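Scroll down for the structure; my scribbles are underneath it.
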Amino acid sequence: QVQLVESGGGLVQAGDSLRLSCAASGRDLYAGGWFRQAPGKERKFVALISWSAEATHYGDSVKGRFTISRDKANATMYLEMNNLKPEDTAVYFCAASRYYNATHLLPPLFWGQGTQVTVSS
């Protein structure tokens, strides 16, 4: 099992950038991902990264604006968000799993507690 703690959320204006971090409790071979949940809506996939960081995949709404990365030495995953839009406003969750394919993290997933990102117009 792994514990995940997100940080880096906040209130920004449209067009700004923000970087989220997700610190993991261990250095096991987990793939990682980011999801987000807007008020009243379902949690949606944002991005994933393989353990080796050689493979990444993004949701259509963030392609070209967001970049997922990881620092294996420090067991930390990042989400660099550029050109933020009001529709990016959501609680962002990081997740980890031992199992994944090219486009999905597979169960069982471990979740962080979430960090709020608010983008004003």
Leaving out ligands and nucleic acids, and using a 1.4 Å probe, what accessible area per residue does region 19-90 come to in Å²? 51
When the Karplus curve 6.51 cos²θ - 1.76 cosθ + 1.60 is applied with θ = phi - 60°, which whole-Hz ³J(HN,Hα) does each residue of region 48-61 get, with x for Gly and Pro? 9, 9, 6, 4, 6, 6, 7, 10, 9, 8, 10, x, 4, 6
Taking 2.2 N^0.38 Å as the expected size of a compact globular protein, what ratio does the Cα radius of gyration of the chain give against it, to two decimals? 0.98
Only Lys, Arg, Asp and Glu count, each charged at its Cβ (+1, +1, -1, -1), so figure out the dipole size of the chain about its Cα centre, rounded to 20 debye. 120
Fraction of beta bridges assigned by DSSP in the chain that are antiparallel (%, nearest 5): 90
Can you compute the equivalent ellipsoid semi-axes for region 39-107, i.e. the square root of 5 times each eigenvalue of the Cα gyration tensor, sorted largest first and rounded to whole Å? 21, 15, 12
On the accessible surface of region 1-95, probed at 1.4 Å with all protein chains in place, carbon and sulfur together account for a percent value of 46
Taking 0.36 nm per residue of separation between Ser61 and Gln3 and subtracting their Cα-Cα distance, the length gained on full extension comes to 18.1 nm
Amide H contacts under 5 Å for Gly10, restricted to residues at least 5 apart in sequence or on another chain and with H modeled in the peptide plane, are Val117, Thr118
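The values are calculated or read from the model by the stated rules, or taken from the named source; none is laboratory data. Only a predicted model underlies this, so the values are computations on that prediction, with no experimental measurement involved. Positions of Cβ are generated from backbone atoms using ideal geometry, with glycine treated the same way; all protein chains shown enter the neighbour counts. Surface accessibility is based on the protein's heavy atoms, side chains included, excluding ligands, DNA and RNA. Shrake-Rupley method; radii C 1.70, N 1.55, O 1.52, S 1.80 Å.
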